[in-house]
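Peer 1: Dropping a structure here in C-alpha cells format, bear with me for questions.
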C-alpha cells in the first residue's frame, strides 16, 4: 500500500491571493518540517515564486499551464520525477474542479485540505457573472479566505453567501495589511428579546446563524411568518415551517426550514401560511445528521400570503 502523501489544494481566481497564501504558509508558518515537497503551479499570477527560496524549505516547483494537460498521467509523471512527501497545488480558478476532485490522483495522494481565496472587493461581481465556477470552488473548500477586507466590508453578506453554498466551510477575513479581522459579526435582530421577532428580511440570516450556532438559540423563543411544509408522506407529529430563499438568481431558490414537533400537524394544510411563535430546543435529529434546532410551537395563527413569498440572504 502506497504511503499517504498529503495534498493541499489552493483554489481561487487570478489575483485572489493564492500565491501570497502559499508563500505565507511555507515561509512564515514553518510548514512541513522540511519534508520533501512539490508545488504545482497552474497559472501565472502577478507574483512569481522564487525557486531558490522554495529550496530553503525543501520544495520544488513544477508548472502545468494548460487545462488539457492537467491529467492523471501528468500528475503521475510529476510523482515519479519529484517523489514528494507533500504536495501543494495552486489550481487555476477558470479550470473545472472535476479534474482534481473526480479523476484519480497518483497512488498515495490524498487531498487533506482545500483552501479557497476570494478577493472581497470583487466577490459579488464574480458570483453574478461566473456563478458556476465560483460556487464550484466554494463548495469544495474547507476554508474560504476573504482578503482585502476593511471596516466597510459587509462580512455578514459575504458569510451568508458562502454558507448558502457550503455550510461547513470555515470563513476567514484578512485585512489589506495581512492581519486577520476577528470582530464578532452583528445580527440585524436582538437575540436577547423575550421573543425574537423576525421580519422577512431577517429570516434567511437567522436561519443560517441558527444552523451554524444552534446552541446559542437553545430555549430562545422566535416568531415569524412561515410557509407550511406538511406533505402527506411526512412523519406524524412533525411539520416544517420555513421560507423559500433566493441567493442571487432564480436557479438558487431553496426551502429553508427547521423541524417542528406538533401533535396537531394534520390541522395545518400543506403550503398554507402561518405566523408561528415557537421555542427553539437543541436536539439530535436524523434530518440534521446530528444536533440542531428543533421547534416547539407556543402559538400558531393563520396568516396571509406575503406580497413577496421569497426571502433573501443579502
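The values are calculated or read from the model by the stated rules, or taken from the named source; none is laboratory data. Everything quoted here is computed from the prediction, not taken from an experiment. Reconstructed Cβ throughout: ideal geometry from the backbone, glycine too, with neighbour counts over all protein chains shown.
Peer 1: Considering only residues of the range 278-287 that are over 16 Å from residue 303 (Cα atoms) and surrounded by 12 or more Cβ atoms within 10 Å (Cβ to Cβ), which is nearest to the chain's Cα centre (by Cα)?
Peer 2: 287
Peer 1: Within the bounds of the range 259-277, is there any residue that is in the same structural domain as residue 226 (by TED's automatic domain parsing), farther than 21 Å from residue 199 by Cα and assigned to a strand (DSSP E or B)?
Peer 2: So far as the range 259-277 goes, yes, one or more of its residues are in the same structural domain as residue 226 (by TED's automatic domain parsing), farther than 21 Å from residue 199 by Cα and assigned to a strand (DSSP E or B).
Peer 1: How many residues are assigned to a strand (DSSP E or B) and in contact (Cβ under 8 Å) with a residue 12 or more places away in the chain when one looks only at the range 279-314?
Peer 2: 20
Peer 1: Then there's this: When you look at residue 158, is it within 13 Å of the chain's Cα centre (by Cα), assigned to a helix (DSSP H, G or I) and crowded, with 18+ Cβ neighbours inside 10 Å, yes or no?
Peer 2: Taking the combined requirement at face value, the residue satisfies it.
Peer 1: Ok, one more. Filter the range 258-291 for residues that are touching a helix residue (DSSP H, G or I) at 6+ places or on another chain (Cβ under 8 Å) and modelled with pLDDT of 95 or more; which is nearest to residue 165 (Cα to Cα)?
Peer 2: 258
Peer 1: Continuing with this model, one more query. Restricting the range 240-255 to residues that are touching a residue at least 12 places away in the same chain (Cβ under 8 Å) and not in a strand (DSSP E or B), which is surrounded by the fewest Cβ atoms within 10 Å (Cβ to Cβ)?
Peer 2: The residue in question is 249.
Peer 1: Would you mind stating whether residue 216 is surrounded by fewer than 17 Cβ atoms within 10 Å (Cβ to Cβ) and outside any loop (DSSP other than H, G, I, E, B)?
Peer 2: Criteria met by residue 216.
Peer 1: Shifting gears a bit: For the range 184-209, enumerate the residues that are within 25 Å of residue 307 (Cα to Cα) and buried (at least 16 other Cβ atoms within 10 Å of the Cβ).
Peer 2: Correct list: 189, 196, 198, 200, 202, 203, 204, 205, 206, 207, 208.
Peer 1: For the range 102-132, which residues satisfy the criterion of being part of a helix (DSSP H, G or I), surrounded by 15 or more Cβ atoms within 10 Å (Cβ to Cβ) and modelled with pLDDT of 90 or more?
Peer 2: Selection gives 123, 124.
Peer 1: Hey, does the range 220-239 have a residue that's part of a loop (DSSP other than H, G, I, E, B), closer than 30 Å to residue 113 by Cβ, in the same structural domain as residue 294 (by TED's automatic domain parsing) and touching a residue at least 12 places away in the same chain (Cβ under 8 Å)?
Peer 2: Within the range 220-239, not a single residue is part of a loop (DSSP other than H, G, I, E, B), closer than 30 Å to residue 113 by Cβ, in the same structural domain as residue 294 (by TED's automatic domain parsing) and touching a residue at least 12 places away in the same chain (Cβ under 8 Å).
Peer 1: Please enumerate the residues belonging to the range 67-101 that are at pLDDT 95 or above, exposed (fewer than 13 other Cβ atoms within 10 Å of the Cβ) and in a loop (DSSP other than H, G, I, E, B).
Peer 2: Matches in the range 67-101: 83 only.
Peer 1: If you take the residues of the range 137-148 that are out of contact with any helix residue (DSSP H, G or I) (no Cβ under 7 Å at 6 or more places or on another chain) and crowded, with 20+ Cβ neighbours inside 10 Å, which of them is nearest to residue 6 (Cα to Cα)?
Peer 2: The extreme case among them is 141.
Peer 1: Considering only residues that are surrounded by 13 or more Cβ atoms within 10 Å (Cβ to Cβ) and out of contact with any strand residue (DSSP E or B) (no Cβ under 8 Å at 6 or more places or on another chain), which ones fall in the range 288-314?
Peer 2: 288, 314
Peer 1: How about the range 27-52: which of its residues are at pLDDT below 90 and part of a helix (DSSP H, G or I)?
Peer 2: 27, 28, 31, 32, 33, 34
Peer 1: Scan the range 268-277 and give yes if some residue there is touching a residue at least 60 places away in the same chain (Cβ under 8 Å) and either over 24 Å from the mean Cα position of the chain (by Cα) or surrounded by 15 or more Cβ atoms within 10 Å (Cβ to Cβ) (or both), otherwise no.
Peer 2: Yes: one or more hits.
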